Amino acid sequence: MKAPIGVFDSGVGGLSILQALQSELPQENFVYIADSAHAPYGERDATFVQSRSKALWHTLRDVHHAKALVVACNTATALAIQRLRDDHPEIAFFGVEPAVKPAAALSQTKRVGVMATPATLGSEKFAQLMQSLDEHTEFVLQGCEGLADAIEQQCQDGNDVPVRALCEKYIHAMGGFGSQAGGIDTLVLGCTHYPFALPHLRQLVGEHVTILETGLPVARQVKKMLGERGLLATGELGKLTLLATGDAQSLQRAAKMWLPPI
């Protein structure tokens with residue numbers, strides 16, 4: 001039960017999922033790997049993302065003895081998680097996917113915006129997800145090339161100007177936001193990096209647009225499934241280990257900005 005939960009992303013974006021995991025599961029130990037030497041995944045092909053996901057899982061399993069894995073990356077979930085599940089059916093793997101189903105239920109105007117990486121939007125898993133949805137809701141899909149990378153860069157140099165410029169570009173490309181007829185009243189953040197651009201996005205779409213991310217639902221699902229398997233940790237507060245395949249300083253800076261003190 002005290003074995004850690006492994007978490008990985010291509011960079012710092014998965015910290016938005018880790019925030020929720022630590023809040024919901026304070027007694028768990030976590031090992032987080034930022035695959036920053038190979039980021040961003042959102043502009044890579046499926047074979048590459050599958051190879052990196054397999055390598056990171058082997059590190060978390062063999063070196064850190066992880067009892068479960070959270071793939072805290074929409075692109076890696078879309079392209080690689082099923083292969084991990086097929087190869088290791090005994091392990092609990094948790095992924096993240098754009099919250100389009102809750103968005104469809106919430107939207108009053110029946111127009112929902114989705115911001116995601118091109119790789120996520122072009123994946124078979126996302127296509128299957130869209131096919132399962134209410135046909136009465138219109139989804140405005142926006143590939144946000146470069147946004148995750150700009151957020152990574154902000155963690156290195158503190159400059160948020162490129163992030164703000166890309167948010168403006170993509171929000172404007174999606175059309176009108178708001179609760180009026182024909183407006184997009186619900187926005188789905190389909191990449192775990194994008195919640196870190198939330199102040200810019202909120203300013204652009206206004207206070208009356210609902211913005212959905214995936215951290216809390218994922219954390220609750222992890223808690224539920226580990227409880228069913230008898231794997232929940234008990235006792236004192238858990239510990240966090242942060243690792244990076246590339247620039248570790250960017251990860252540490254991001255953690256200080258977005259996570260509770262460690």
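Listing for the model above:
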quantity: Top-ranked residue in the stretch 108-127 [being buried (at least 24 other Cβ atoms within 10 Å of the Cβ) and among the small types (Gly, Ala, Ser); ranked as farthest from Pro217 (Cα to Cα)]; calculated: Ala119
quantity: Filter result (farther than 20 Å from Asp149 by Cα, in contact with a Ser or Thr (Cβ under 8 Å, 6 or more places away or on another chain) and either of a type in the set (S, T, N, Q) or modelled with pLDDT under 95 (or both)) within the stretch 178-207; calculated: Ser179, Gln180, Ala181, Gly182, Thr186
quantity: Selected residue [surrounded by fewer than 24 Cβ atoms within 10 Å (Cβ to Cβ) and more than 18 Å from the chain's Cα centre (by Cα)] from Asp87, Asp149; calculated: Asp87
quantity: Candidates Gln27, Gln50, Gln19, filtered to the one that is under 18 Å from Leu189 (Cβ atoms) and surrounded by fewer than 20 Cβ atoms within 10 Å (Cβ to Cβ); calculated: Gln19
quantity: Test for Ala173: is it surrounded by fewer than 20 Cβ atoms within 10 Å (Cβ to Cβ) and assigned to a loop (DSSP other than H, G, I, E, B); calculated: no
quantity: Selection from the stretch 205-262 of residues that are part of a loop (DSSP other than H, G, I, E, B), closer than 16 Å to Ala72 by Cβ and polar (S, T, N, Q); calculated: Thr214, Thr245
quantity: Selection within the stretch 91-122 - among the small types (Gly, Ala, Ser) and either at pLDDT below 95 or more than 19 Å from Leu69 (Cβ to Cβ) (or both); calculated: Ala99, Ala103, Ala104, Ala105, Ser107, Gly113, Ala116, Ala119, Gly122
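The values are calculated or read from the model by the stated rules, or taken from the named source; none is laboratory data. Note that the structure is a prediction, hence the values are computed from the model and not measured. Cβ sites come from the backbone with ideal geometry, for glycine too, and all protein chains shown count toward neighbours.
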